[in-house]
Amino acid sequence: MMQQIDWAKSDRGEPDSPFMGGAVKRKLKLTFHSESLESAAGEDLVAIVALRGLAQIDEVVAADTAKGEIPHLIIGDFSPDHVFTDVGLIGKDCEIRTGIQFPRQWLEMSKKLTGKSDYNDPEVRNMLSLILMARAHHQIDHDLLITLSPELLRNRFLLFIKDTNPCTPCEAIKILGLYLRYRKNYIFDVSNGVKYFLDKGFFYWLLTRHRLPRMWKYFSACVYSGQQRKDGISDLGGSILTRSVRALEARDEIGYQFYSTQSNNTRDAMMYHFDYLTLLLSGIFDSMASVARRVYSIRKPNERNSNFRSEKYLNALRKNGGDRLYEVVTHQDFIDLMTMLTALRNTIHGANLRTLAYKEPVKEEKSFVALEKTIANAVWDASARYSSPNEWGIFQSHEILFEPYTYSITLIRECYKFINSIANATDVVKLFPAGSTPRMLVSPPSDSLFNKFTRKRVHILG
């Protein structure tokens, strides 16, 4: 389940969250735990490069735990007998002096977490240094602690670590990317002092095309065949991509509210976009069923009743040679995914999904959505078969609830997988007369905008 951020408090009249508007803007404040990041590999390493580049822009404030080009943390000598351990942030045009009160408590916590009682035990000393570093980050009022420390990450649900917001580079770059989009800044790279931007439309279009690689051939076939067929297939193919773009935008709108201070207003805004999201995704799969109807020359059922939930349509699909596609859309995973999508989409025809606030002592308010009894068990069972309720942000309290941002992220990710699978399994060559199949685009064009670097950078930000 997505974790809310305990945003650093400020006495400078700034909003509580960088995701809140108003006359005064709140910057996102990052701390790089350099010692742990030296072991980074794969996507984490790619994310670190992106984070360090984007940390140079005006909307971001950055610090490091090691001395370098940006301000760095310093922590004074530790003594369990002291009531204060000095903390500083030192750099060019920057000097903050503060401290950690009652350091003995962090020694005791270190012993408890390691299961060791000796102050001089290496594990205790290591844990203590990590906790002090995290608390120092907190004391300088920074938001995200970017780390690959397994000790911090596996204990990040403990209150005194959670409020320092430890996150992996891959997690941090997603939050930074969302924050920049909230600020209407579609920058994707800073290199040698040069900033590289996209506009909003192309950012989401590029992200969608990168995550739907099987749509290149599929959409090309819709466009080229539509020129001869005159049956609206080109518009159907275009609607699949357009709705996929808008689904990502709706997901982001939900994310902006998730990372704001929770209230009835944020919950209302989240559900406005959540309703739209489920309608968009349902429309995508209905359009793909309509495309398949043309590919396999299905006459009955009619267009209006052609969808992947219709037994008559599925039987016609198999009868008319769509065996590969039939296997995809009758797989249990797809059936369960459609349950998790359509059960919530269908509430648009009846009572609204009901939201509720949850507040624990000394913690931020959270927002959840209650599943009505008529659909709750079906959604729970489908999520359990598909992966796990927790991955979808679903949990049981006095009733079955879900967190809408987690649900949205997972729903889009899994729907995109099946959009790719359906596109791949649909034999679009059948749209053309025998021997007249044109050469279709099967991968991104080799131009400056769709280049591999830009696509991958947009992917990790998006």
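Miscellaneous remarks
- Placing unit charges on the Cβ atoms of the charged side chains and taking the dipole of the chain about its Cα centre, the candidate lying farthest along the positive direction among LEU449, LEU145, VAL190 is LEU449.
- Relative contact order (%) - criterion: Cα under 8 Å, at least six apart; region: the chain: 16 percent
- All lysines inside 21 Å of LYS312 as judged from Cα atoms, apart from same-chain residues fewer than 8 positions distant: LYS300
- Segment 214-442, relative contact order [Cα under 8 Å, separation at least 6], %: 26 percent
- Peptides 200-206, 275-281, 142-148 ordered by average Cβ neighbours within 10 Å, highest first: 142-148, 275-281, 200-206
- Amide H within-cut-off set for GLY99, under 5 Å, with H built and near neighbours excluded: VAL87
- Computed [θ] at 222 nm, deg cm²/dmol, the chain (DSSP H ≥ 4; -39,500 (n - 2.57); rounded to nearest 500): -16000 deg cm²/dmol
- The chain, dipole about Cα centre (Lys/Arg Cβ +1, Asp/Glu Cβ -1), debye to the nearest 20: 2200 debye
- Pairs over the 28 Å Cα-Cα cut-off, from the set LYS195/LYS417; LYS9/LYS92; LYS92/LYS366; LYS430/LYS456; LYS92/LYS195: LYS195/LYS417; LYS92/LYS366; LYS430/LYS456.
- Between helix 404-425 and the chain: long-axis angle, C-alpha atoms, 0 to 90°, nearest 10: 40 degrees
- Of the peptides 377-390, 255-268, the order by per-residue mean of other Cβ atoms within 10 Å, starting with the highest, comes out as 255-268, 377-390.
- A dipole drawn for the chain from +1 and -1 charges on Cβ atoms has a positive end, and of ILE100, SER117, PHE160 the residue lying farthest that way is PHE160.
- Tilt relative to the chain, helix 42-54 - C-alpha long axis, 0 to 90 degrees, to 10: 70 degrees
- Computed FRET value (nearest 0.05) for LYS112 with ARG324, which takes r as the C-beta separation and R₀ as 60 Å: 0.60
- Karplus-derived 3J(HN,Hα), 6.51/-1.76/1.60, for each residue of segment 273-288, Hz, glycine and proline x: 6, 5, 4, 5, 4, 5, 5, 4, 5, 4, x, 4, 5, 5, 5, 5
- Here's the list of aspartates and glutamates a cross-link from LYS184 could span, going by alpha-carbon distance under 13 Å and ignoring same-chain residues fewer than 8 apart: GLU59, ASP199, GLU249, ASP252, GLU253.
- Cβ-Cβ FRET estimate between ARG309 and GLN101, R0 fixed at 60 Å, reported to 0.05: 0.50
- Amide H within-cut-off set for ALA62, under 5 Å, with H built and near neighbours excluded: LEU30
- Rounded tilt (10° steps) of 104-114 against the dominant C-alpha axis of the chain: 50 degrees
- Phi to ³J(HN,Hα) by Karplus 6.51 cos²θ - 1.76 cosθ + 1.60 over segment 13-23, Hz, x for Gly, Pro: x, 7, x, 5, 10, x, 8, 10, x, x, 5
Throughout, read-outs are computed from the coordinates displayed, never taken from laboratory work. If you're wondering where the values come from, they're calculated on a predicted model, not measured in any experiment. Cβ: placed from backbone, ideal geometry, glycine included. Neighbour counts: every protein chain shown.
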